1. Could you check region A:178-214 and list, in sequence order, the residues that are within 11 Å of DNA strand B (Cβ to nearest atom), surrounded by 18 or more Cβ atoms within 10 Å (Cβ to Cβ) and not in a loop (DSSP other than H, G, I, E, B)?
2. Only one of A:Arg67, A:Arg44, A:Arg53 is surrounded by 15 or more Cβ atoms within 10 Å (Cβ to Cβ) and over 26 Å from A:Phe113 (Cα atoms). Can you tell me which?
3. Could you please give the count of residues in region A:154-177 that are buried (at least 17 other Cβ atoms within 10 Å of the Cβ) and under 25 Å from A:Trp27 (Cβ atoms)?
4. Give, as residue ranges, the strands (runs of 3 or more DSSP E) completely inside region A:11-55 that count at least 1 residues that are of a type in the set (Phe, Trp, Tyr), at pLDDT below 95 and in contact with a strand residue (DSSP E or B) (Cβ under 9 Å, 6 or more places away or on another chain).
5. If the requirement is being modelled with pLDDT of 95 or more and part of a strand (DSSP E or B), which of these qualifies: A:Ala7, A:Ala74?
6. May I ask you to list pairs of residues, at least six apart or on different chains, whose Cβ atoms are under 7 Å apart, with the first in region A:166-193 being farther than 20 Å from A:Pro106 by Cβ and the second being basic (Lys, Arg)?
7. Filter region A:9-28 down to the residues that are more than 16 Å from A:Gln123 (Cα to Cα) and touching a helix residue (DSSP H, G or I) at 6+ places or on another chain (Cβ under 7 Å) and list them by number.
Amino acid sequence: MTQPHAAFPVKNYDLALTLASGQAFRWRRSAEGWAGVIGSRWVRLRQEPDGIRAETSAPEADWQWLRHYLQLDADLDGILASFPDDPPMRDSVAACRGLRLLRQEPWECLASFICSSTKQIVQIQQIVGLLCRRFGETLAVPLGTEPAWAFPTVERLAGASEAELRACKLGFRAPYLSGAARKLAAGDIDLARLAERPLEEARAALVTLPGVGVKIADCVLLFAYGFHEAFPMDVWIIKALQQLYFPKRPPKLPRLRRFSQTHFGPYGGYAQQYLFHYMRTARKGR
DNA sequence: GGCCAGGCGCGTA
DNA sequence: TACGCGCATGGC
């Protein structure tokens with residue numbers, strides 16, 4: 001039956017951990033659950049003992065879009081079993097039970113991470129929120145809930161001036177986001193077709209965009225396209241690898257890259273998210 | 001007040 | 001290929 005709510009039985013899925021782990025930036029916690037936007041839909045999610053309950057602003061006949069976003073059919077046990085069996089990885093998995101990777105829309109993910117460089121996660125959330133409020137389409141929400149906006153389209157941001165973007169606190173990232181949106185609007189890259197290409201080709205295409213280096217490209221490859229071997233190397237993961245795997249003589253970046261590519265296996269990106277979150281929370285930057 | 005934040009682009013060696 | 005630096009802005 002078509003309803004504006006549904007229940008999804010799922011085990012070992014920590015919604016709060018997943019939505020607040022710095023892979024997506026539009027989820028807000030409230031007493032009623034987690035409110036956010038997926039595509040052009042307002043959604044509220046709530047953790048329940050046997051799974052996840054979802055609420056939308058209008059009846060839904062087919063919930064596949066949400067199952068896909070949350071990756072409810074992912075084989076987490078199999079993924080965890082593929083991780084290397086070493087103390088840092090075991091500690092990370094133990095500290096982040098139920099952490100999952102989402103499958104985001106590529107443009108929103110790309111634009112969000114262009115905004116992310118040398119920003120803390122709370123500030124990225126603020127910037128993305130301002131962009132949506134200023135340039136996004138207003139969405140229908142249930143009575144009594146906060147207003148919500150879709151993520152701005154490529155065309156809308158391509159048409160925005162640098163000053164308008166700076167007003168959303170982008171700082172020096174404003175010309176990057178503007179330039180990337182304009183190249184995409186001009187058809188330089190077809191984001192919808194990158195998933196069909198090998199990882200290296202997709203990455204090479206992404207880094208031709210202004211403000212997109214290997215790290216941001218890898219975030220998009222991992223969080224939006226599901227290239228699970230992509231391993232974003234940010235300041236936290238560098239710190240994690242140096243302290244957890246090479247405490248006596250921390251290697252520099254080139255060697256850490258080679259290590260990360262060979263050590264963590266086919267789901268290295270998944271392992272990276274566990275190490276990232278473990279480093280940021282359980283260890284509190286030690 | 002100084003340090004740092006899910007980096008990138010560019011100049012230099 | 002591998003550094004070092006400047007770049008806005010705000011949390012702690």
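1. If the condition is that a residue be within 11 Å of DNA strand B (Cβ to nearest atom), surrounded by 18 or more Cβ atoms within 10 Å (Cβ to Cβ) and not in a loop (DSSP other than H, G, I, E, B), then A:Ala180, A:Arg203, A:Leu206 are the ones that fit.
2. Numbers: A:Arg67 fails: over 26 Å from A:Phe113 (Cα atoms); A:Arg44 fails: over 26 Å from A:Phe113 (Cα atoms).
From the options A:Arg67, A:Arg44, A:Arg53, the qualifying one is A:Arg53.
3. Within region A:154-177, the subset buried (at least 17 other Cβ atoms within 10 Å of the Cβ) is A:154, A:156-158, A:160, A:165, A:168, A:170, A:173-174, A:176-177.
Still in the running and under 25 Å from A:Trp27 (Cβ atoms): A:154, A:156-157, A:160, A:165, A:168, A:170, A:173-174, A:176-177.
Here the count works out to 11.
4. Working: elements: A:28-30, A:33-38, A:41-48.
Output list is empty.
5. Numbers: A:Ala74 fails: part of a strand (DSSP E or B).
On inspection, the qualifying residue turns out to be A:Ala7.
6. Short answer, once both residue conditions are applied: A:Cys168/A:Arg134; A:Ala174/A:Arg166.
7. Across region A:9-28, the qualifying residue is only A:Asn12.
The values are calculated or read from the model by the stated rules, or taken from the named source; none is laboratory data. Worth saying up front: this structure is predicted, and the values here are computed from it rather than measured. Here Cβ is always computed from backbone atoms with ideal geometry, including for glycine, and neighbour counts include all displayed protein chains.
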